[in-house]
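Accompanying notes for the structure given below.
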């Protein structure tokens, strides 16, 4: 059974968190209400993770709770347990509390935020705890894999497209609507001279109109995806900070070069359609007429084209029902099909129909 150390001086918080540890996670725990108690427990026991409130008293002698005490305890935890050995999950009233002291909270990538004001807004404590434990497990597997024939990551070209991104010519993001990390990468790709700019996560969150807690999850999932893709497809081992680093602010790793192709489709490039030809001359494939679109819109258009080819023609209401998205989105879909010469309009106003106008074979994406 995994065991946690909970450090907080508020009885109501301790009761709430410990109930989650017992009921949702089936983890055991010790509780410390101040720095002195926590230090003694840390020296005597091993813990799978630590839940730390930064604003705590120094001892049980009635001192006022101060954030400086929590910062000092954080540094003592790292010294006692070793940097990056045990995940430290910060239980803060507001995330800015922790971010304001970012450079003091260095635990080699195993520091996680768990703001108390988000516990009842889609970011429950058990979610953060699971993410922290998954990060530890991923690090353990990565250490094992270094002995299993994987090559170390020595750098690569990150190409950011209008609907995704590739790294080392491998697809790591494939849809801008599902990949907020693409927008983060665009901001991190900005340079200050020759080096990438360091941007604190609270500023990233403000620019992207989201929360730092949401970005924490985005970064975590992105790192997992990159590590899996390069391991499976390139036999390359990517460590946590090889691509995106967080030392004194988020920034791209020094081994990364960035290229922006914001008018092209990542799917088009990955599938080999990015060749500038419209036919099969010189052994090239035909240009994909929908290569510039995201996968969702492209798949929706192909389904509409298939139905039009089968039925001969359809009313706008029938097309809307088939697409099952907003009317403005269907309008854009129909415009894309008309531009590609695969659909033509019949009639006008209430009698308008849409007919398939493409080749005899089914349209392919």
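A short reminder: the numbers here are calculations on the coordinates, not readings from a lab. Only a predicted model underlies this, so the values are computations on that prediction, with no experimental measurement involved. Here Cβ is always computed from backbone atoms with ideal geometry, including for glycine, and neighbour counts include all displayed protein chains.
By how many degrees, between 0 and 90 and to the nearest 10, does the Cα long axis of helix 295-311 differ from the longest principal axis of the chain?
The angle comes out at about 30 degrees.
Would you mind classifying segment 151-268 by shape? Square roots of the alpha carbon gyration tensor eigenvalues, ordered a ≥ b ≥ c; an a/c under 1.5 is rounded, otherwise it is prolate if a/b is larger than b/c and oblate if not.
It comes out rounded by the Cα gyration axes.
To the nearest 10 degrees, how steeply does helix 67-81 sit against the main Cα axis of the chain, on a 0 to 90 scale?
90
Between rounded, prolate and oblate, where does segment 288-335 land on the alpha carbon gyration tensor, with a ≥ b ≥ c its root eigenvalues, rounded for a/c under 1.5, else prolate if a/b exceeds b/c?
Oblate, because a/c is 1.5 or more while a/b does not exceed b/c.
Anyone know which of 82, 291, 109 comes out most mobile in the 10 Å Cα GNM of the chain?
82
Rounded, prolate or oblate: which fits segment 226-267 when a ≥ b ≥ c are the square roots of the eigenvalues of the alpha-carbon gyration tensor, with rounded for a/c under 1.5 and prolate only if a/b beats b/c?
Oblate, because a/c is 1.5 or more while a/b does not exceed b/c.
Consider a paramagnetic label point 7 Å from the Cα of residue 80 along Cα→Cβ; state which residues of segment 8-30 have an amide N under 14 Å from it.
From segment 8-30, the list is 8, 30.
Percent relative contact order of the chain, based on C-alpha pairs within less than 8 angstrom and at least six residues apart?
Relative contact order for the chain comes out at 11 percent.
For segment 289-356, calculate the relative contact order in percent as a whole number, restricting contacts to Cα pairs under 8 Å that are 6 or more residues apart.
Once divided by the residue count of segment 289-356, the mean separation gives 37 percent.
Among 30, 183, 351, whose mean-square fluctuation peaks in a Gaussian network model of the chain (Cα, cutoff 10 Å)?
Judging by the Gaussian network model, the answer is 351.
To two decimal places, what compactness ratio does the chain give when its Cα radius of gyration is scaled by 2.2 N^0.38 Å?
The value comes to 1.26.
If one takes the longest principal axis of the Cα atoms in the chain, at what angle in degrees, from 0 to 90 and to the nearest 10, does the Cα axis of helix 212-234 lie?
Tilt relative to the chain: about 70 degrees.
Anyone know which of 304, 88, 160 comes out most mobile in the 10 Å Cα GNM of the chain?
Among 304, 88, 160, the largest GNM mean-square fluctuation belongs to 304.
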